[in-house]
Amino acid sequence: MAALATAEACDSNAALLASGDLRVLHPIFKSYGQIQVFSGPIVTLKVFEDNVLVRELLETRGEGRVLVIDGGGSMRCAMVGGNLGQLAQNMGWAGIVVNGCIRDVDEINGCDIGVRALASHPLKSNKKGVGEKHVPVYIAGTLIHEGEWLYADSDGILVSKSELSV
C-alpha cells in the first residue's frame, strides 16, 4: 500500500472535509514505534484502565488494520506495553492509536509498527476484562466508527469514511 500524506489528503479532499466524511484528529498524540506512516481499516475498542480486551484483539490477525483504543484519556496507567506492541507486529497490525498511555517505550520503539498515544506511564493497567469491542468511539474531537480508514504520518491523523486513493 502506497503511503498517503495527510497534508496532501487534506488539500485534495476539501469536499470530504466539508461533509465530515474526512476528519482530522486533534493533534494530541505522540508518535512511537518504528513505523511513522501507517494506515488501514479501523477496529475500535472502548476500555478504561483495563487492557484485557486490547490483548484479545491484538491476538487476532491484524491484516493491516489499525486498532483504535478509547482509553478515556486516562493518564493513570498504560494500556499497551512492549509485549502487546510485539504481538501487534507479529499478528500483522498496521498500527495502534491509544487515547491513553503506553509503557515500555524503548521496546515499542523497537517494534515494526506505528503507535500513537497521549503519553507514557510506567504503571500497568487492571486485568478485569471490562470494555466494549467494535463500538463507535469519540477521540480527539472525532467520532470514529469501526471499518472507517485511519491515516497517520508526521503531520497528524485522519479518519475517513472510506479508503482514500493516493
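On a per residue basis, the chain carries 46 Å² of accessible surface, using protein heavy atoms and a 1.4 Å probe.
Under 10 Å, Cα contacts only: if you run a Gaussian network model on the chain, which one of S19, S125, S31 comes out with the highest mean-square fluctuation? The residue that fluctuates most here is S19.
Rg/Rh for the chain stands at 0.94; both radii use Cα atoms, and Rh follows the Kirkwood definition.
Roughly speaking, to the nearest percent, how much of the chain's 1.4 Å accessible area is carbon and sulfur? The nonpolar share, carbon plus sulfur, comes to 51 percent.
Compactness of segment 120-166, taken as the C-alpha radius of gyration over 2.2 N^0.38 Å, stands at 1.52. Ordering of 4-12, 81-89 by packing is 81-89, 4-12, highest average first (other Cβ atoms within 10 Å, averaged per residue). Based on C-alpha pairs under 8 angstrom that are at least 6 apart in sequence, segment 22-166 has a relative contact order of 35 percent.
Remark: spin-label model distance Y138-L123 equals 2.6 nm, labels positioned 7 Å along the Cα→Cβ axis.
The values are calculated or read from the model by the stated rules, or taken from the named source; none is laboratory data. Predicted model, so just to flag it, every value in this text is computed and none were measured. Glycine also receives a Cβ, built like all others from the backbone with ideal geometry; neighbour counts cover every protein chain displayed. When the accessible area is computed, the model is the full protein with side chains, heavy atoms only, and any ligands, DNA or RNA have been set aside. Shrake-Rupley method; radii C 1.70, N 1.55, O 1.52, S 1.80 Å.
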